[in-house]
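A.B. asks: Have a look at this one before I ask anything.
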Amino acid sequence: MGNRATIEIKDGSGYKSACYIYLHWCGDPEQVTEMVTLAAPVMRRSDSSYATARLIGMYHDAIEGGLSLGVTKYKEEWDNGHYIVDMSKGTIENEGEVIACNIKFGEF
C-alpha cells in the first residue's frame, strides 16, 4: 500500500520523455501539483527530457532516504493513477481530467 503514481512529461512538440517518474509516496493530486508548480520555472518547456530530469531532481531533494522515487519505462495505474504534465498547455491531467492549469514552465 502507498500513495503511488506515475508522471509523464510532454513538451510543445508532443514528444514525451523516454521514462516516467514513479512515486511510492507523494502521489496524490495536491502533492503532484505542488511539486510540478515548484519545479516549473526550471523545467525546460521545449524539451521533455530536460524537464523530466529537473522534476526528478526536485523530488529527489524533497524525499528523504533511498526509497519512494523511481524512474520507469512503464505507465502504471497505481493508487493515484497516471499524471500527464503537458508543458505546451501548462496543465496537469490525471485520469483524463485537468487538475491544474496556467502553470508557467521555463522558456530557455
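The values are calculated or read from the model by the stated rules, or taken from the named source; none is laboratory data. Keep in mind that what you see is a predicted model, and the values were worked out from it rather than measured. Ideal geometry is used to build each Cβ from the backbone, glycine not excepted, and the neighbour counts take in all protein chains shown.
A.B. asks: Need pairs with beta-carbon distance below 6 Å; first residue farther than 9 Å from residue 9 by Cβ and within region 26-52, second assigned to a helix (DSSP H, G or I) and of a type in the set (Phe, Trp, Tyr); sequence gap 6+ or separate chains.
C.D. replies: 44/50
A.B. asks: Right, here's the next one. Please go through region 1-15 and give me each residue that is surrounded by fewer than 22 Cβ atoms within 10 Å (Cβ to Cβ), of a type outside the set (A, V, I, L, M) and over 11 Å from the mean Cα position of the chain (by Cα), ordered by number. Outline the logic, then answer.
C.D. replies: The first filter runs over region 1-15 and keeps only residues surrounded by fewer than 22 Cβ atoms within 10 Å (Cβ to Cβ), leaving 1-4, 8, 10, 12-15.
Narrowing further to those that are of a type outside the set (A, V, I, L, M): 2-4, 8, 10, 12-15.
The answer is 2, 3, 4, 12, 13, 14, 15.
Matching residues to (1) at pLDDT 95 or above; (2) over 14 Å from residue 92 (Cα atoms); (3) surrounded by 13 or more Cβ atoms within 10 Å (Cβ to Cβ):
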site: 33; (1), (2), (3): yes, no, yes
site: 40; (1), (2), (3): yes, no, yes
site: 55; (1), (2), (3): yes, no, yes
site: 66; (1), (2), (3): no, yes, no
site: 73; (1), (2), (3): no, yes, no
site: 78; (1), (2), (3): no, yes, yes
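A.B. asks: Which count do you get for residues in region 8-22 that are out of contact with any helix residue (DSSP H, G or I) (no Cβ under 9 Å at 6 or more places or on another chain) and either among the basic types (Lys, Arg) or on the phi > 0 side of the Ramachandran plot (or both)?
C.D. replies: Number of matching residues: 1.
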